[in-house]
Structure formats: C-alpha cells, structure tokens
Amino acid sequence: MEGRVVYEIMERAWPEIANDESMPGYIQEYGRICVDTPKVLVSRTRTDAGFNTSVVGGVDAIDKLAGVRAATDGDIGVGGATLATQLLAAGHGPHYLQPDLASTGCMPPTATTSSG
C-alpha cells in the first residue's frame, strides 16, 4: 500500500526497470515483481491507477483500509512516510506496518553482500 506521492514516482520506474536491458537480470525481475504485485494506492485525488493497483480514496480513506486489511492474508508493506504516519495516528499501525514503514515504494535491491 502506498501513498500518492510514492506511487506517482514509482509508477514510471517499475516498467522502465523491468524492461531496461542494461540493468542486471535481478533488477529487471524486481521491476516485473513490482509491476505484477497487487498494490493499494491511498489517495484523496486519484481515482484510477495501473499496474494491478486498487485505489482507496476519500476523506475516510485511512478508515477504509480496515477492509483491505481484513481481506488480506499476510503482511502489508507501507510505502511513504505520510501514509505510515496517518496509519499510526489512526491507531492502525501495528496491523499494517513492517520495519520499512518509511520506504519509498518498491525499489530495486542493491547488489550488496553481507558477511554474516
């Protein structure tokens, strides 16, 4: 689930990353995953979105997300600090937020290695 600002940045990036043959294969695959994975856009101004995205809007958008949570098994990631802050303020945080609560959307992984 993402706020409008993060979604509007990433909606251009996902297909470009997925189709950019100059990118390593794992980055392209991550772009395809981001295009194909079901998403929820939370916005007061947008009414439609592509890339397997549902839009939840209106002044009561944060409260409407309870229905999304109830209909979803597993974790729900939150992209965008504004959305995460609104969820926390409404008392919904523990039901939605993962450690990456202030992420900037579905970003490609970096090619780092860990030593432990």
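The values are calculated or read from the model by the stated rules, or taken from the named source; none is laboratory data. It should be emphasised that the depicted structure is a prediction, and the values quoted were computed from it without experimental measurement. In this analysis, Cβ positions are derived from the backbone assuming ideal geometry, glycine residues included, and neighbour counts consider all displayed protein chains. Remember, those area values only see protein heavy atoms, side chains included, never the ligands or the DNA or RNA. Shrake-Rupley method; radii C 1.70, N 1.55, O 1.52, S 1.80 Å.
Of the residues making up the range 68-86, those that are open to solvent by less than 70 Å² (accessible area, probe 1.4 Å), more than 17 Å from R44 (Cα to Cα) and of a type outside the set (V, I, T) are R69, G74, G77. The residues of the range 1-50 that are farther than 23 Å from R69 by Cβ and among the basic types (K, R), listed by number, are R12, R32. Each residue in the range 17-28 was checked for being open to solvent by 90 Å² or more (accessible area, probe 1.4 Å) and either under 22 Å from D63 (Cα atoms) or not in a loop (DSSP other than H, G, I, E, B) (or both), and 2 of them qualify. A Cβ distance below 9 Å, combined with a sequence gap of six or more or placement on separate chains, defines the contacts here; from the range 7-30, residues that are farther than 30 Å from R44 by Cα reach residues that are of a type in the set (K, R) and open to solvent by 40 Å² or more (accessible area, probe 1.4 Å) in the pairs N19/R32. Here V59 clears all of (1) open to solvent by 80 Å² or more (accessible area, probe 1.4 Å); (2) at pLDDT below 90; (3) not in a loop (DSSP other than H, G, I, E, B) except the condition numbered (3).
Every residue, every condition in (1) under 12 Å from the mean Cα position of the chain (by Cα); (2) open to solvent by less than 100 Å² (accessible area, probe 1.4 Å), yes or no:
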| position | (1), (2) |
| --- | --- |
| E2 | yes, yes |
| P15 | no, yes |
| Y30 | no, yes |
| T37 | yes, yes |
| D48 | no, no |
